[in-house]
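The values are calculated or read from the model by the stated rules, or taken from the named source; none is laboratory data. No experiment lies behind these values; they were computed from the predicted model shown. Ideal geometry is used to build each Cβ from the backbone, glycine not excepted, and the neighbour counts take in all protein chains shown. What goes into the accessible areas is simple: the full protein's heavy atoms, side chains included, and nothing from ligands, DNA or RNA. Shrake-Rupley method; radii C 1.70, N 1.55, O 1.52, S 1.80 Å.
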Amino acid sequence: MPRLMLVDDEINILNSLRRALIAMPAGTFSDPLVIETFTSPSLALARAGESVFDLVISDYRMPEMDGVAFLEKLRDVQPNVARMILSGYADLKALIAAINRAEIYRFIGKPWDDHDLALAINQALEHRALVLENARLADLVRVQQGRLSRNELAVKRLEERYPGITQVKRQPDGSIDLEWDEEL
Amino acid sequence: MAESMSEDHVELILPSDTPRSILELRLATLELLDDGVWISETDGNVIYRNVAAAAMEQMYWSHGGHVGTIEDVVFNPGVLQLLRDRGRWSAEYHLSSGDEDGARVSSVAMEMQLLNAQGIPGIAFHARDVSREWSREQTLQDRNVELEQAYSRLKETQTQLLQSEKMASIGQLAAGVAHEINNPIGYVQSNMGTLQTYVRGLLNLLDSYERWASELSDGASAAREQIEEIKRQIDYSFLRDDLLQLLEESREGIKRVKKIVLDLRDFSHRGQTDSDEWMSVDIHRGLESTINIVWNELKYKAEVQRNFGDLPAVECMPSQMNQVFLNLLVNAGQAIKERGVISVTTTCLDREICVAIADDGVGIAPEHLKRIFDPFFTTKPVGAGTGLGLALSFGIVKNHHGRIEVESKVGKGTCFRVYLPLRKHGRNNLGQTAPGTTV
């Protein structure tokens with residue numbers, strides 16, 4: 001089931017998005033969406049360290065950090081997550097930063113149209129699935145050609161499912177360092 | 001008689017022993033003057049005229065018969081009566097000279113007063129050719145008119161500047177407000193959509209209950225009665241019908257707010273983004289397509305007359321200019337209550353074109369005329385206008401370095417004139433300057 005992360009400092013927006021997406025007519029999405037919402041970008045980032053998301057939709061103007069900064073940091077944790085910005089504030093500078101720095105898939109204006117949003121979500125998910133499938137097939141070919149060991153492949157898969165797990169830091173005494181928040 | 005009439009008359013008192021030679025010299029001096037001098041008896045009988053006076057008579061009065069003789073024009077009973085009443089009479093005549101073409105105009109300043117020389121009453125008449133002074137004065141007057149025009153243009157420019165200042169600050173405000181409004185509108189709109197889905201689902205469920213309730217066995221008549229009671233209380237059938245209409249109306253309201261915010265954003269973004277492209281276009285095509293767009297709104301009340309002149313291609317942002325025409329046409333249509341005529345006239349002036357959109361509708365009250373370009377100023381009923389159309393148009397035309405003028409008479413109609421320079425103002429972008437551009 002596709003996992004969706006919604007980030008906006010206004011809880012009403014999050015609630016209405018969740019309602020709208022869930023109340024979409026059956027068949028709008030090929031699989032039902034699992035939706036998690038966050039009013040705080042940093043909490044969202046922390047959560048991204050624990051669980052993989054397929055798509056994140058973020059507001060642009062938020063008190064802690066703007067949408068572009070948030071999506072950049074999120075991309076460091078989960079490079080393959082599809083990113084969109086939903087904003088009522090559409091100045092050119094924000095738009096350029098969103099495309100060039102956060103490499104977003106779509107920029108959607110508020111107020112949005114629910115059906116257009118659903119369409120964009122579907123396309124983003126398909127796009128991401130294609131990219132991942134492509135990478136997997138490429139890895140498979142590499143394994144078959146002997147350029148990638150089965151071990152390395154397993155590590156890659158693991159990282160995909162549990163972001164950050166393969167980059168565990170150890171203290172000099174060998175104990176695992178769980179304080180990797182500053183890396184986010 | 002003359003003595004008693006006025007204090008204005010002149011006493012020429014000469015000492016009785018004045019040598020005759022001095023008197024002769026005086027007369028000789030009079031002969032030297034360029035000004036004409038006449039002396040007459042009180043009845044207007046001229047007894048002396050100097051050389052210049054004789055020449056003037058020849059030139060202006062007795063010759064050509066334009067005006068008449070000097071006796072007819074100056075020493076006539078009417079003038080003499082005035083002179084006796086006031087002691088002094090003066091006038092200025094503008095006469096075409098004796099030339100056949102009559103092109104040159106001579107101006108003569110004349111003055112006549114009563115005299116009294118040692119008890120002998122008389123009249124002195126003096127005339128001076130002031131053609132040169134007069135033409136100088138004419139020039140001055142022309143200059144003055146020019147200055148006044150320049151002043152009013154300057155004043156107009158100042159009001160336009162003030163207007164743009166006002167726009168700029170409101171634009172900044174608007175951008176912030178638009179963003180703030182977009183958030184709540186965003187979720188309210190989305191919620192309304194979802195609510196419609198929910199309500200449809202609930203109504204479905206209710207219908208199903210209804211069907212089954214009708215099949216309840218007679219033993220459950222109490223339950224059925226209770227249901228009927230509640231239905232009566234809440235006026236179920238009305239509520240059911242009204243519910244969906246209510247939702248539809250609410251969505252309509254949100255749509256309207258959305259439109260206002262969008263207009264606001266357009267308004268505040270004008271001039272900041274150069275997203276619309278400058279092109280050399282045929283203004284008539286833009287006008288035609290815009291008329292087509294508003295035709296649905298206009299066709300029942302107005303006939304559109306096109307008085308298109310010969311226009312060269314105009315450099316402008318066509319989509320923006322079309323929006324200006326659209327606003328003006330919609331306004332013209334709304335000004336017409338029953339049936340009327342909207343005329344669209346285009347003319348090519350020296351370095352600019354003029355598009356005039358006129359209606360014969362209700363007109364604009366003078367006290368409103370000053371404010372029509374102010375953002376949010378509207379006289380339309382609530383919901384019919386945002387009060388941004390003209391403000392937006394003003395901004396667009398200003399961006400094109402053109403101007404909008406308006407003329408309106410209550411009950412007669414209104415005419416908006418949009419002036420646009422033929423070429424983009426102050427172009428200095430690389431690769432855009434056409435050769436021979438003189439702006």
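Just a few scattered comments:
- Inter-chain Cβ neighbour count for A:13-24, averaged per residue, equals 5 (cutoff 10 Å, partner chain atoms only).
- ³J(HN,Hα) computed for each position of the range B:107-116 - Karplus, 6.51 cos²θ - 1.76 cosθ + 1.60, integer Hz, glycine/proline x: 10, 10, 9, 10, 9, 10, 9, 7, 10, 9
- Sum of side-chain charges, B:Arg49 neighbourhood, beta-carbon under 11 Å (Lys, Arg +1; Asp, Glu -1): -2
- For the range B:269-419, the alpha carbon convex hull comes to 113 Å³ per residue, rounded to a whole number.
- The range A:1-158 - Rg over Rh from alpha carbon coordinates, Kirkwood radius: 1.01
- Per residue of A:30-40, other chain Cβ atoms within 10 Å of the residue Cβ number 0 on average.
- Among the listed pairs A:Lys110/B:Lys337; B:Lys255/B:Lys299; A:Lys93/B:Lys424; B:Lys380/B:Lys424; B:Lys299/B:Lys409, those whose Cα-Cα separation exceeds 32 Å are A:Lys110/B:Lys337; B:Lys380/B:Lys424.
- Its relative contact order, with pairs defined as Cα atoms under 8 Å and 6+ residues apart, puts the range B:327-390 at 28 percent.
- Three-way shape label, the protein assembly as shown, alpha-carbon gyration tensor, a/c 1.5: prolate
- Fully extending the segment from B:Leu33 to B:Thr139 would add 35.4 nm, taking 0.36 nm per residue of separation and subtracting the current Cα-Cα distance.
- For a modelled paramagnetic label at B:Val341, 7 Å from Cα along Cα-to-Cβ, the residues of the range B:291-329 in reach, with backbone nitrogen under 16 Å, are B:301-308.
- Contact order normalised by residue count of the range A:1-145, Cα under 8 Å, 6+ apart, percent: 23
- Simple spin-label estimate for A:Val52 and B:Ser152 in nanometres, 7 Å along Cα-Cβ: 7.8
- Per residue, the protein assembly as shown exposes 59 Å² of accessible surface when a 1.4 Å probe is rolled over the protein heavy atoms with every protein chain present.
- If you plug the beta carbon distance of B:Ser319 and A:Gln123 into 1/(1 + (r/R0)^6) with R0 = 30 Å, you get a FRET efficiency near 0.60.
- Cα shape, the range A:65-135, gyration tensor, a/c 1.5 rule: oblate
- Positive minus negative residues near B:Ile70 (Lys, Arg vs Asp, Glu; Cβ under 10 Å): -2
- Relative contact order %, the range A:1-71, counting alpha carbon pairs below 8 Å whose residues are six or more apart: 47
- Point-to-point label distance, B:Leu205-B:Ile234, nm (Cα→Cβ direction, 7 Å offset): 1.2
- Förster radius 45 Å - calculated FRET efficiency between B:Glu92 and B:Leu173, Cβ distance, rounded to 0.05: 0.15
- The shape of the range B:200-249 comes out oblate: with a ≥ b ≥ c from the C-alpha gyration tensor, a/c is at least 1.5 while a/b does not beat b/c.
- All aspartates and glutamates inside 17 Å of B:Lys258 as judged from Cα atoms, apart from same-chain residues fewer than 8 positions distant: A:Asp113, A:Asp114, A:Asp116, B:Glu180, B:Glu248, B:Glu249, B:Asp266
- Per-residue Karplus couplings for the range A:122-136, computed as 6.51 cos²θ - 1.76 cosθ + 1.60 with θ equal to phi - 60°, are listed in order as 4, 5, 4, 5, 4, 4, 5, 4, 4, 4, 5, 4, 4, 5, 5 Hz, Gly and Pro entered as x.
- Modelled FRET efficiency - R0 60 Å, B:Glu24 with B:Val406, Cβ distances, 0.05 increments: 0.20
- Phi-based couplings in Hz for the range B:351-367 (Karplus 6.51, -1.76, 1.60; Gly and Pro marked x): 10, 9, 10, 10, 10, 10, 10, 10, 10, 10, x, 6, x, 10, 4, x, 6
- Peptide A:81-89 has a mean of 3 when you count, residue by residue, the C-beta atoms of other protein chains within 10 Å of its C-beta.
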